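Taking it in order: structure first as structure tokens, then the write-up.
What follows draws every value from the coordinates through simple rules; no lab data is involved. Everything quoted here is computed from the prediction, not taken from an experiment. Every residue, glycine among them, receives a Cβ derived from its backbone with ideal geometry; neighbour counts consider all protein chains shown.
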Amino acid sequence: MADVMLRLEGVRKSFGGAEVLHGIDLTVRRGEVVAILGPSGSGKTTLLRCANFLERADAGVLELGGERYDLAQATKREMAAVRRRTAFVFQNYNLFRNRTVLGNVTEGLVVARRVPRAEAEERARACLARVGMAERADAYPAQLSGGQQQRVAIARAMATSPEIIYFDEPTSALDPELTVEVLGAMRRLAEDGMTMLVVTHEMGFARNVADRVVFMEGGSVVAEAPSEEFFAHPANDRVRAFLRTVGAA
């Protein structure tokens, strides 16, 4: 498929002899937003981390924009090449406490990517404006709410001009009011055509923003469908039970 941005094939991962990913296959098309749902312990975050080499998979293939990588055998150079084309937004922001908002967004551009500082700051300010944080550029993380910190983390991801952004439960540490801020920023990204793979427990986002939903349990994909179909016509009893539990049935 010419429009495939990301393809994962046969991804396996074990911890301490217990296999937590049982040969996962997953495809994300260019410009698509895919939400990964499932109960705790189903392997969602591990899959995301393996896709960006934050964890080393035991087996599997990653195809990114037509380039193929062996997840178990990739070299440091190959891993760096993948990370230059992707971005990762963590659950707990991972901001530098001793850097301003602007500094947090520019740091990776200047240090890791050798972008001239003036250009990095111009790019950072534009990204901060897109997530509604331009006026807090000189603030430090400790002066921000959790929602504001997560929006800075999203701006940092955007600033590297990634081909795909991975989100690992980006609102799970936030209260409902701050969750709305972050989901709004993510919705705008989606509307701009950013390719996104999102592990989330936010059913409204999965239903209304995601193009497709993947449901995982026990380290396997047990259902996959366009978002409207996933919620309107659950594929099996397990999905129906999950949706009832989270109040989305």
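Structure summary
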read-out: V213 being outside any loop (DSSP other than H, G, I, E, B), in contact with a helix residue (DSSP H, G or I) (Cβ under 8 Å, 6 or more places away or on another chain), β-branched (V, I, T) and touching a residue at least 40 places away in the same chain (Cβ under 8 Å); value: yes
read-out: Selection count, region 28-51, where residues are buried (at least 18 other Cβ atoms within 10 Å of the Cβ) and farther than 19 Å from E202 by Cα; value: 4
read-out: Considering residues of region 216-236 that are aliphatic (A, V, I, L, M) and not in a loop (DSSP other than H, G, I, E, B) only, the residue nearest to V11 (Cα to Cα); value: V221
read-out: Test result for R207, within 23 Å of K13 (Cβ to Cβ), surrounded by fewer than 19 Cβ atoms within 10 Å (Cβ to Cβ) and either in contact with a strand residue (DSSP E or B) (Cβ under 9 Å, 6 or more places away or on another chain) or in contact (Cβ under 8 Å) with a residue 40 or more places away in the chain (or both); value: no
read-out: Single match in V28, V20, V34, V11 (criterion: of a type in the set (A, V, I, L, M), within 26 Å of S172 (Cα to Cα), over 19 Å from the mean Cα position of the chain (by Cα) and part of a strand (DSSP E or B)); value: V20
read-out: Pairs with Cβ under 8 Å, 6+ apart, first in region 52-75 and surrounded by 15 or more Cβ atoms within 10 Å (Cβ to Cβ), second aromatic (F, W, Y); value: N52/F88; N52/Y166; L54/F88; V61/Y69; L62/Y69; E63/Y69; L71/F53; A74/F53
read-out: Within region 92-128, tally of residues that are over 15 Å from P141 (Cβ atoms), in contact (Cβ under 8 Å) with a residue 12 or more places away in the chain and not hydrophobic (A, V, I, L, M, F, W, C); value: 5
